[in-house]
Structure formats: structure tokens, C-alpha cells
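Undergrad: Quick one: the structure is below, and I'll ask about it shortly.
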Amino acid sequence: MAKTLKNNKLAVLTSGGDASGMNACIRTVVRYGMAQGFEMYGVRHGYSGLVRDEIIPMPYSSVSNCVHAGGTILRTSRCPEFKDKEVMKKAVDNLLNRGIENLIVIGGDGSFRGVQDIHDFTELNVIGIPGTIDNDMGYTDYTIGFDTACNTVIDAILKLRDTITSHDRIMILEVMGRMSGNIALNSAVAGGAEYVIVPEAPADVDEIAKSVKRGFDKGKTSTIILLAEGKNYLKDELLQKVAAETNRRVNHMALGYMQRGGNPTMSDRVLASRMAQRAVDLIQCGQSGRVVGVRGGDIYDTTVAEALSLPKEFDQKLYDLAIVISK
Ligand code: ADP
Ligand code: F6P
């Protein structure tokens with residue numbers, strides 16, 4: 001949706017949970033933006049930094065040597081007060097007072113609600129890029145950071161497999177994702193976990209316990225159950241029932257913030273760069289209130305309203321396959 005064509009000053013910020021690949025995204029926004037004639041700025045610490053007027057110039061060299069790095073060189077934050085329209089408008093004034101009329105926000109669905117508000121209630125032209133490990137946004141096949149997080153989980157599965165096989169044990173590995181089972185499901189398939197429990201599908205703990213027992217009876221030497229954060233209330237029941245059924249030691253481990261860090265994979269770096277390019281192109285066309293996504297390998301954009309309204313479709317086919325190939 002076009003407001004009016006804005007000036008050539010463009011700022012970028014990262015918001016919400018950091019995700020590997022955000023730096024590759026910032027780098028392309030800055031360098032491609034400069035190549036299109038924009039004067040580039042960064043806002044440090046996400047929306048909190050916007051409230052506090054933490055706005056810095058971003059010359060070409062400000063993004064040197066960061067394409068490989070996890071986290072975000074601009075820092076990030078969760079800023080509950082940004083939901084207050086008056087706080088939000090005053091924060092945006094910090095950009096407008098410097099003559100910066102364009103903003104690119106890299107973050108998850110919470111950050112996109114901020115994009116919607118900025119678009120609806122201020123003069124700024126604003127575009128969103130999806131950066132979150134959770135891959136929980138319905139309008140895009142992938143978000144920046146998801147692939148790297150899954151590869152971290154897969155690496156953990158491999159290492160845990162060594163030790164639990166040595167001891168004939170069972171491991172419940174809890175992974176992030178808020179109410180999305182995407183990290184758990186994809187990592188289970190790629191890493192060879194025996195069971196995956198996700199919020200999008202029912203889980204029968206009694207049946208899982210019996211099935212784990214049958215597996216050991218048939219000669220299995222270890223079992224990994226991937227438990228998505230959105231179903232972690234089943235942890236104690238799982239620990240108790242699987243141990244009782246198998247008479248073996250069952251350990252639980254939450255992989256936690258490890259999943260957010262580390263060098264981004266090639267996929268995340270390239271996705272981040274392609275999305276950044278589209279975001280700058282949209283700004284250059286005077287667009288606002290739109291977000292960038294990827295569908296079937298193609299970069300596209302849609303309204304932030306549509307992006308926020310589409311639920312993430314659960315990949316039932318992949319889940320069914322995981323069940324067939326895992327035990
Ligand atoms: P993510 O963007 O990764 O989903 P959050 O849900 O924490 O992370 O959202 C990031 C930030 O976006 C919040 O700290 C807040 O500043 C802003 N935000 C979240 N929800 C809203 C909302 N309903 N309206 C305006 N801004 C919001
Ligand atoms: O949204 C990314 C994420 O890592 C979720 O998977 C997790 O539930 C949450 O952020 C943790 O947030 P915080 O950094 O506030 O503990």
C-alpha cells in the first residue's frame with residue numbers, strides 16, 4: 001500500500017527474539033540500500049531503542065564482517081510499552097525529527113503488530129522482514145533463523161545419541177518454538193529422533209511409553225523423544241510413565257537459548273539477503289504496511305494485515321511421515 005513517495009533516508013531495526021541470519025539481513029539492507037541511493041541508519045535495541053532515540057548512521061563499513069555472525073549487531077529487545085499508541089507515535093517522531101521517513105523492521109509476529117501500528121498511525125513508510133527461529137508465520141514458508149536453529153537441534157540429537165546409546169538410556173529433548181511444533185518436527189525428521197510431540201497434534205503418553213518399551217525389547221539401544229515447547233507441560237508425565245514402563249533411566253534436557261545462537265546456515269544467509277533486497281525495493285517504490293515472505297522458493301510480499309491473519313498451516317504430511325520412519 002503506497003502512502004506517498006518518501007525521502008531517501010532509511011533506517012533498519014531488529015525486534016523480538018534474535019535469530020541467526022539477522023546480521024546477513026541488516027548487511028544487505030544497508031549495502032543494497034546504499035546502492036539504491038539511500039542514506040542508511042540503524043536503530044539499536046529494537047522498538048525500545050526507537051523510544052529512547054538510539055538512532056545511528058550505518059555507513060558501508062558498519063556491516064563489515066558480520067554476515068557469518070549469530071545474534072544481531074543492532075541488538076534487540078522486547079518493548080511492551082510500544083503497544084501504547086502514544087508511546088509508539090513519540091518513538092516514530094524520533095525518526096521523523098531526523099528526516100528519516102522509511103523503516104525496515106526485522107522480527108516475528110509481535111514485531112509485525114508494531115509494523116501494522118506504525119503504518120496505520122504515523123507518516124513513516126514501514127516494511128517488515130520475518131526474523132524468528134519459530135517459523136510460526138502463516139504467510140511465509142520460512143522465517144530467517146529457523147534453518148540454523150533446526151541444525152543446532154540436529155547437532156544436539158547426534159551428540160546426545162552418543163551418550164544415551166552408551167548407557168542404553170532415553171532422552172526427552174525439549175526444543176523452542178512457542179506454540180509452533182515446526183522446529184521439533186523438522187529436526188526430528190532430519191535428526192532421526194524416535195518420537196516427536198508437537199502442539200498441533202494429539203499425544204498419547206501411555207502409548208508412547210509402551211512403544212518405547214517395545215523398541216528396547218526389539219533391540220533398540222537408545223530413544224530420543226523431541227518435545228516441543230508448546231507441549232512441555234507433558235514433561236513430568238512422560239518422564240514418569242516412560243521410566244515406569246521401560247525400567248530405564250529417562251533424562252530431560254531443554255536445549256534452550258543454544259537454539260538462538262551460532263553461525264547462520266547458508267540457507268538463512270541467502271534467504272535473509274533476498275528478503276532484504278525485496279524490502280528495500282518496496283521502500284523505493286513508496287510502499288508501506290507490507291511484509292516480505294517466501295512461497296515455493298519465490299520471494300514475494302503481502303500486506304502486514306494479511307500476514308498477521310493467516311494461521312501457520314501444520315505440515316500433517318511430514319508429521320505422518322515422521323511417525324512411519326522414526327520408531
Ligand atoms: P517477536 O517479534 O519475535 O514475535 P515479540 O512478540 O516479543 O517478539 O514482539 C516484539 C515486540 O513487538 C514487542 O516487544 C513489542 O515492542 C512489539 N509488539 C508486540 N505486540 C505488539 C502489538 N500488539 N502492538 C504493537 N507492538 C507490539
Ligand atoms: O520467539 C523465539 C523464542 O526463542 C521462542 O522460541 C521462545 O519461546 C522465546 O523466544 C523465548 O523468549 P525470551 O528470550 O523472552 O526468553
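The values are calculated or read from the model by the stated rules, or taken from the named source; none is laboratory data. What you see is a predicted model; the values in this text were computed from it and never measured. Note that we place each Cβ from the backbone using ideal geometry, even for glycine, and neighbour counts take in every protein chain shown. Accessible surface areas use protein heavy atoms only, side chains included; no ligands, DNA or RNA. Shrake-Rupley method; radii C 1.70, N 1.55, O 1.52, S 1.80 Å.
Undergrad: Against the longest principal axis of the chain, how steep is helix 146-167, in degrees 0 to 90 to the nearest 10, with axes from Cα atoms?
TA: The angle comes out near 20 degrees.
Undergrad: Still on this model: Tell me which residues come under 5 Å, amide H to amide H, from residue 12 once H is placed; ignore anything under 5 positions away on its chain.
TA: Excluding prolines and chain starts, which carry no amide H, the hits are 41, 42, 43, 104.
Undergrad: If eta is 1.567 mPa s and T is 4 °C, what Stokes-Einstein diffusion coefficient results for segment 148-260, Kirkwood Rh from Cα pairs, in µm²/s?
TA: Stokes-Einstein gives a translational diffusion coefficient of 94 µm²/s.
Undergrad: Follow-up. In nm, give the distance between the simple-model label positions of residue 113 and residue 162, each being 7 Å from the Cα along the Cα-to-Cβ direction.
TA: About 4.3 nm separates the two model spin labels.
Undergrad: Assuming 1.002 mPa s and 20 °C, estimate D for segment 47-156 with Stokes-Einstein, Rh taken as the Kirkwood radius over Cα pairs, in µm²/s.
TA: 139 µm²/s
Undergrad: More than 18 angstrom separation, counting every C-alpha pair in segment 186-247; what % is that?
TA: The answer is 32 percent, as a whole percent.
Undergrad: On the accessible surface of the chain, probed at 1.4 Å, how many percent belong to carbon and sulfur atoms?
TA: The nonpolar share, carbon plus sulfur, comes to 50 percent.
Undergrad: Based on DSSP H runs of at least 4 residues, each adding -39500 (n - 2.57), what is the mean residue ellipticity at 222 nm of the chain after dividing by all its residues, to the nearest 500 deg cm²/dmol?
TA: Roughly -13500 deg cm²/dmol at 222 nm, from the helical runs in the chain.
Undergrad: Return one whole number: the accessible area per residue of the chain in Å², for a 1.4 Å probe.
TA: Dividing the accessible area of the chain by its residue count gives 42 Å².
Undergrad: Compute the FRET efficiency between residue 204 and residue 254 as 1/(1 + (r/R0)^6), taking r as their Cβ-Cβ distance and R0 = 25 Å, and round to the nearest 0.05.
TA: Efficiency at R0 = 25 Å is approximately 0.65.
Undergrad: Can you tell me the orientation of helix 266-284 relative to the chain, as the angle in degrees between its alpha-carbon axis and the longest Cα principal axis, to the nearest 10?
TA: Taking the Cα atoms of the chain, the angle to 266-284 is about 30 degrees.
Undergrad: Taking every pair of distinct Cα atoms and averaging 1/r, then inverting, what Kirkwood hydrodynamic radius in Å comes out for the chain?
TA: About 20.7 Å for the chain.
Undergrad: So for the chain, averaging the separation of alpha carbon pairs under 8 Å that are six or more residues apart and normalising by length, what relative contact order in percent results?
TA: The value is 24 percent.
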